[in-house]
Each structure stands twice: as C-alpha cells, then as structure tokens.
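The structure under discussion appears below in the form of structure tokens.
The values are calculated or read from the model by the stated rules, or taken from the named source; none is laboratory data. What you see is a predicted model, and the numbers here were worked out from it, not measured in a lab. Note: ideal-geometry Cβ built from the backbone for every residue, glycine included; neighbour counts use all protein chains shown. Side chains are part of the model used for accessible areas, which takes the heavy atoms of the whole protein and leaves out ligands, DNA and RNA. Shrake-Rupley method; radii C 1.70, N 1.55, O 1.52, S 1.80 Å.
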Amino acid sequence: MVALFLIRVMSNGFRITNTNFPLTRPFFLLAGAYLTSFIFNPATWSSDAVTAVMNFSELVFPCYFIWYFCKSTDEAKRVLKWFYVIGLIVSLYGTTAYFLHFNPYFDYLKQTTPSGRVMATDYEDSLRGLRAVGTLSHPITYGAFQTFTVLVGIFLMRKNRSAAKLLIFLGAQTALLVGIAVTNSRTPLVYVILALVIFTCFASLRDKVIVIKVIVVALVVGSLFGMDHVERLADFISSVASNSGGDTQNGSSLQMRAGQLLVAWRFFSESPIFGGGVSATRTIIASGTYPDFYNAESAIFQWAIDLGLLGLVAYFAIFAQLFRSCARVKIRFFRAVLYAMIAGYLVFIFATGVLETMQLFLVIVTLFLIAGGKEHPEHARRPRGRTYARSHAAPSGT
C-alpha cells in the first residue's frame, strides 16, 4: 500500500490529493507524542527507534490508505463482506479447535518456526483452563476480532431483511457469539454486550424491536441448553466489576486495577508531560520489580507511562474525532453501529489494554465511515466519475 501510494503521488506530480481524512490532526498529535517521548528519553534511543516508528505506522497508514484508495461506498461494503466471511470462518475454526482440544494451525507454526518465537498457546495448562484463540496469539485479541465481525455483520444487514437472509444472519451471528464465549475471556463478552446495548439505544424503533426479538430467542435457546450455563456465564461477565470476582475467575478485579493504578501513577509522575519512553511499560513488566503491575492491563496505564500527557491527549483526540465523524453520518442505522463499535471498544481497551487490536479497529471504522455515506444527500447528488477526494466528503462528514 505504501508503494502504491508513492507511485500515485509521483504520477500526480508529487501532489497529494486532499481527501478530508478525519483523523489527520489527531494523527499529527500522536506523531508529536511519539517524537517527544523518543527525544526526551535518550537512554533508550537504540531500543525505541524501531518501536516508535512501527507503533505509529501500523496505526496510521492502513486506515489512511484505505481512505485514500477506496473510491466508493460499494467498494467499502465489498471489503466488509469479505471481512465478515473470513471472520466467520476463523471463528468456526477456533470454536472447533476449542472443542476438539486440537489446533493444527498452532502446531504448524511451532514446527515451522523452531526458534521459540511462537508465543501462541491455548492456555490449557493455565489456571482458567482451555481458551479458544483461533489463529491469533491471545484469546482476548481473538474475542475482540470476533466482536468486530459481529458488528460488521449488523452493519451489512441494514437492508437484507428477507426471512431466509435473516435466518442465515442469525445463525452466523450465533456462531460468532459462541466463539466469543469459548475464549473464556470477560472483556470481549462485555464489549459485545455493551455494543449491542448501545446500538439498541441509538437505533430506530423498528431495529430496537428486532434486537429485542433476537435477545428473547437467544434466552429461550439458552434455557433449553440449561439455565445453569446461562447463570455461570452471567456470573463470569459480572465478575469484571467485582472486587473479588477476579480471584474466583482467575482474572482481573477492581482491587487488582487499583494496585496497577498506583504503580502507573508513580511512573507517570516521574515524566508526566513527555512520558518515560516508547517501551517504558514493557521494560517495567519485564523487570519483574512490580509484580502487582502484572501486564499493565489498561491502555490508560500504557499510554500515560510511555507517552505522558501528550500521548493521552493524542489518543483521546483520535476517539473524540471518531465520535464527531459518527455524529455527522446521516443514516441513523449506520450511526448507531458506529457508536456501538467505538464506545464499546473504549471500554474494552480501558479494561484490558489494546492487545494488538487498534490497527484493525481503525481500519473497520474507516470502512464504516466510507460505506455509511452511500445514501448521504450530498454524495447522492454528485455525478459518478468525480475524483475520490470529493466522494469522501460525504462519508467523512467533515
């Protein structure tokens, strides 16, 4: 994508077309945060140079290039359809591997990568027990990936309301929800439930009724398989907001977060403006000096320690701009899905950290903004064949 972009710029006389990319200013702030954190921590220059470039690049370039090259709402929807199909296939594979206690993909990786760098595991020997991970390296990352897929499915089902398509859709969504449940991770479950609640709040009355019907059917089906399973699942989810629930579930608790907050505040106060270095959090965890810090399971902790106040402002600016762009989407259904995607993701990363999910999150939101502008009045009035710099003006809302 970088090569295609450079070729396009060269062929255009080294002029970059203005596409009204909504995250331009927040990304400049983020670049400044990474740069200042790097500059003001010279002791870690040798280790932080590549990390800073990679962390910034993998967030910025994929979503920007998609915005730059994706010329129409139909193209964006086509990409989302492919993503949904692939996400469903990966989910079915992960669920099957979970119930069979056998993941051939992991075995292939370990046999073909003998250097010991394959960190993926099914956690069968851990305290919590076997957890589905599909083809990813961590069950929480895998759960977030499936939650993204669920929301993409809802986004694509706006007009496909025939009985046959609705049944297929419900079957696919059920398979994804089962895949999220077998990750044995609470935060993906909280994310998907919160996202569905937010979508219902912002959706039209007709969509609210459909969601309520689906929930009733799900509860009936769940009761047929045994209410004890439903109750255990409810207890498992609710334990995320309990002081001692994390101990009973072999996971995080509010008490654990309080201890992590104290450690994070200590290091943040040492360099509150520019941060302690791009890889400061990773160094603290690797040292083992602060066992109560665990793996710094919150994006707030990591951003504050690594990038300081400038980093926090930059990341919050990204989400503020995303919400602003969502508010300008004219179609209520699409706006409801976007709100659900973004607000639920904020809770997710605040509760458990980014865990290599933000790259894909920004890509999907970008595709949502492009695809959601198909019926925008300004976009509809423009004749076909205009430059995509103008065609993006409608979905971005900026």
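Observations on the model:
- Over the stretch 38-77, accessible surface divided per residue gives 50 Å², non-protein components excluded, 1.4 Å probe.
- Burial order of peptide ranges 257-269, 11-23 (average beta-carbon count within 10 Å, highest first): 257-269, 11-23
- Database remark: amide H of G353 closer than 5 angstrom to the amide H of S298, A299 (H placed geometrically; neighbours at sequence offset of 5 or more, or on other chains; Pro and chain starts carry no H).
- Computed label-point distance, nm, for sites I210 and D74 using a 7 Å Cα→Cβ extension: 2.3 nm
- Order of exposure, largest accessible area first, which applies to C326, C201 with probe 1.4 Å: C201, C326
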